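Following: one structure in structure tokens, then a few remarks.
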Protein chains: 4
Amino acid sequence: MKIQILTTGGTIDKFYFDRKDTFQVGEPQIGQLLREANVTVEYEIRALLHKDSLELTDEDRELIVAAVRDTPCERFLITHGTDTMLQTAATLQQRISGKVMVLTGAMQPAISRTSDAFFNIGFAFCAVQQLPPGAYVAMNGRIFTPGAARKNVEMGRFEPT
Amino acid sequence: MKIQILTTGGTIDKFYFDRKDTFQVGEPQIGQLLREANVTVEYEIRALLHKDSLELTDEDRELIVAAVRDTPCERFLITHGTDTMLQTAATLQQRISGKVMVLTGAMQPAISRTSDAFFNIGFAFCAVQQLPPGAYVAMNGRIFTPGAARKNVEMGRFEPT
Amino acid sequence: MKIQILTTGGTIDKFYFDRKDTFQVGEPQIGQLLREANVTVEYEIRALLHKDSLELTDEDRELIVAAVRDTPCERFLITHGTDTMLQTAATLQQRISGKVMVLTGAMQPAISRTSDAFFNIGFAFCAVQQLPPGAYVAMNGRIFTPGAARKNVEMGRFEPT
Amino acid sequence: MKIQILTTGGTIDKFYFDRKDTFQVGEPQIGQLLREANVTVEYEIRALLHKDSLELTDEDRELIVAAVRDTPCERFLITHGTDTMLQTAATLQQRISGKVMVLTGAMQPAISRTSDAFFNIGFAFCAVQQLPPGAYVAMNGRIFTPGAARKNVEMGRFEPT
């Protein structure tokens with residue numbers, strides 16, 4: 001079994017950039033996380049986009065669809081900002097069949113002393129191996145299907161609708 | 001769905017105790033980890049044992065078997081030291097049927113700046129929701145069944161036999 | 001000996017706020033840092049401002065001057081954003097005599113897994129006990145006097161002029 | 001000004017070694033800490049010993065004395081286990097004159113998510129630049145002279161006698 005990882009940006013990869021006094025989307029953190037976990041399942045990481053998910057355009061989503069469609073692999077773990085994660089999952093659900101696509105991300109950057117990034121990556125790394133074909137959002141210790149979930153911005157979590 | 005968490009000790013819960021210049025098994029870290037991940041699935045944590053897994057006795061394993069058997073829940077996530085994790089999984093496999101039992105732990109304490117604890121807990125938290133009844137070891141990004149794995153001490157990881 | 005700590009904001013106290021997808025200045029981190037260091041010198045923390053130092057106004061600086069002048073204490077450790085730290089130090093130098101005033105901060109938030117915050121607070125905590133009256137900036141392992149230093153934004157550090 | 005750093009081991013450099021289920025003294029952490037703090041004062045690190053300070057022998061202390069005496073530098077920062085830090089400081093006080101020697105260490109390993117190591121290194125890095133010649137212990141936010149301090153093992157801190 002091989003897992004293709006696609007990174008698109010989002011909070012999970014944000015870091016504080018002193019020169020501009022702002023948080024920016026940086027390099028994918030997932031490689032570092034998987035090395036620390038000493039993961040022995042075969043995987044490959046491809047950095048597709050470096051964007052806050054509110055800034056993802058239709059073209060960006062086409063790029064994600066194309067990357068999944070054109071990569072000869074059955075299982076995809078996609079890191080993504082949380083604000084439009086469900087929208088991208090819905091697009092993938094509509095456009096791709098026969099592949100397992102699990103989207104995850106974080107509410108706090110992976111570089112923070114306390115972050116949900118490590119837990120979420122671990123959770124999604126299991127989900128992508130166990131679930132049947134389809135597109136899923138794996139957040140807050142749950143598997144959501146795109147049409148049956150929403151992000152509760154107040155509470156900072158995903159919930160079933 | 002409800003997840004019953006049993007903690008038995010192991011490296012995941014070790015901390016450095018200056019008074020004795022040694023690492024000791026402390027309170028379960030998993031509660032803190034699940035709060036940081038803002039997990040919304042219902043779970044309950046029961047601290048069963050506080051031992052390095054090399055020190056677990058037959059009585060200790062009976063205690064774990066009894067805790068699983070006598071708790072009216074179908075899904076158990078058990079944190080455990082890595083050295084005899086497979087042995088406890090084998091005992092549970094033999095003695096309990098009809099329940100999902102996922103054992104996990106860590107090679108580095110959860111209190112370390114870099115640790116596999118968060119990833120492993122996330123991974124196991126998904127596994128316990130997805131797998132069919134049986135006993136499993138969830139380590140290094142893989143699901144192992146007790147009879148088909150070994151701990152490679154040199155490499156610090158679990159491998160298929 | 002007693003040390004009066006004044007916090008004014010800056011990167012050291014920034015955290016990532018998911019609801020607004022931005023970094024904000026939060027509560028002072030220095031109390032947590034001093035507890036982790038198990039410091040036994042008497043100190044008191046007063047949260048004066050919560051601002052990025054680029055946003056500090058003349059009124060804000062008057063507030064800092066007044067807080068130092070009106071507190072019956074000889075030694076002040078002031079946490080401050082780095083962009084105008086030298087300017088505030090110069091103001092304090094001009095306006096206050098007979099007191100030790102050490103300004104410090106961080107290039108990375110204290111909540112990051114790697115940050116200069118802990119080192120800088122430790123360094124400044126020593127400086128405020130050892131230096132003669134005057135205003136100083138304690139950054140990058142050095143003591144600077146306000147007229148003889150500049151922030152090198154490119155390199156992310158303070159340098160002698 | 002140049003600072004010569006000598007490392008001798010102790011809790012600050014301990015890490016958890018899964019293969020032996022124990023904490024061991026590892027490579028000096030201070031280099032990593034000083035890089036994270038982006039320190040611009042010139043310094044050099046020499047790893048002299050890798051021991052828990054309870055295991056330091058008279059020969060080991062002679063080695064430390066010789067390293068200080070024979071290095072043409074005036075300022076020494078020495079990382080050391082806390083249990084016999086005062087004893088080594090007393091030996092240096094007796095045997096060396098005309099040099100500033102500041103000993104520090106940590107109650108929790110530098111690799112822990114919460115540790116006094118960073119604060120203590122920052123504090124000592126200032127102390128070694130500011131203090132007059134002599135041997136000192138810099139712990140818990142204070143400067144101690146060897147004859148006037150003790151380690152309170154119960155409370156996990158240094159105190160004046």
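The values are calculated or read from the model by the stated rules, or taken from the named source; none is laboratory data. These numbers were taken from a predicted model, which means no experiment stands behind them. All Cβ positions, even for glycine, are placed from backbone atoms using ideal geometry, and neighbour counts span all protein chains on display. When the accessible area is computed, the model is the full protein with side chains, heavy atoms only, and any ligands, DNA or RNA have been set aside. Shrake-Rupley method; radii C 1.70, N 1.55, O 1.52, S 1.80 Å.
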(request) With the Cα gyration tensor of the protein assembly as shown in hand, give its eigenvalues times 5 under a square root as the equivalent ellipsoid semi-axes, listed largest first in whole angstrom. (result) 46, 32, 20
(request) Average the reciprocal distances over every distinct pair of alpha-carbons in the range C:26-161, invert the result, and give the Kirkwood radius in Å. (result) 15.1
(request) Rounded to whole Å, how close does chain D get to the rotation axis onto A by Cβ? Give me the residue too, please? (result) D:R113, 3
(request) Would you pull out the residues with amide H under 5 Å of B:A149's amide H, same chain only if 5 or more places away, H placed 1.01 Å from N? (result) B:T161
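Find out how many positive minus negative residues lie around B:G31, taking Lys and Arg as positive, Asp and Glu as negative, among other residues whose Cβ is under 12 Å from that of B:G31. Walk me through the intermediate numbers first.
On the way: positive: B:R35, B:R46; negative: B:D13, B:E27, B:E36, B:E44.
So the environment of B:G31 carries a net charge of -2.
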(request) One decimal, nm, shortest first: give the distances between the label point of C:E55 and those of the same position in the other copies, each label point 7 Å from Cα along Cα→Cβ. (result) 2.1, 5.2, 5.3
(request) Choose one of A:G31, A:G141, A:T57: the residue whose Cα lies farthest towards the positive end of the charge dipole of chain A (beta-carbon charges +1 Lys, Arg; -1 Asp, Glu; about the Cα centre). (result) A:G141
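Ignoring any ligand, DNA or RNA, what whole percent of the accessible area of the range A:1-107 comes from carbon and sulfur when the probe is 1.4 angstrom?
Values: 1940 of 4370 Å².
C and S atoms contribute 44 percent here.
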(message) Suppose every Lys and Arg Cβ carries +1 and every Asp and Glu Cβ carries -1, with no other charges. What dipole size does the protein assembly as shown come out with about its Cα centre, to the nearest 20 debye?
(response) 0
(message) So with the 1.4 Å probe, I'd like the accessible area per residue for the protein assembly as shown, rounded to whole Å².
(response) 38
(message) Defining the label point at 7 Å along Cα→Cβ, can you sort the distances from D:E42 to the same site in each other copy, shortest first, in nm?
(response) 4.2, 5.4, 6.8
(message) So, taking all protein chains as they sit and a 1.4 Å probe, how much accessible area belongs to B:V102, in Å² rounded to tens?
(response) 0
(request) Scan around A:F158 for amide H atoms under 5 Å from its own, H built in the peptide plane at 1.01 Å from N, and keep only partners 5 or more places away or cross-chain. (result) A:N152
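Among DSSP beta bridges lying fully in the protein assembly as shown, give the percent that are antiparallel, nearest 5.
Numbers: 46 of 130 bridges.
Roughly 35 percent of the beta bridges in the protein assembly as shown run antiparallel, per DSSP.
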(message) In whole Hz and in residue order, list the ³J(HN,Hα) couplings for the range A:151-159 that follow from phi through the Karplus curve 6.51 cos²θ - 1.76 cosθ + 1.60, θ = phi - 60°; x for Gly and Pro.
(response) 8, 8, 5, 4, 8, x, 7, 8, 9
(request) Check chain A and count each lysine pair with an alpha-carbon distance under 24 angstrom, considering only pairs eight or more places apart or from different chains. (result) 5
(request) From other protein chains only, count the Cβ atoms within 10 Å of every residue's Cβ in B:11-18, then give the mean. (result) 5
(request) Evaluate 2.2 N^0.38 Å with N set to the residue count of the range C:1-55, then give the Cα radius of gyration divided by it. (result) 1.29
(request) Per DSSP H run of n ≥ 4, the term is -39500 (n - 2.57); total these for the protein assembly as shown, divide by its residue number, and report the mean residue ellipticity at 222 nm rounded to 500 deg cm²/dmol. (result) -8500 deg cm²/dmol
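How many partner chain Cβ atoms sit within 10 Å of a residue's Cβ in peptide A:39-52, on average, as a whole number?
Numbers: counts 8, 10, 4, 0, 1, 0, 0, 0, 0, 0, 0, 0, 0, 1.
So the per-residue partner count for this stretch is 2.
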(message) Suppose the chain between D:C73 and D:M155 were pulled fully straight at 0.36 nm per residue; how much longer would it get relative to their current alpha carbon spacing?
(response) 26.0 nm
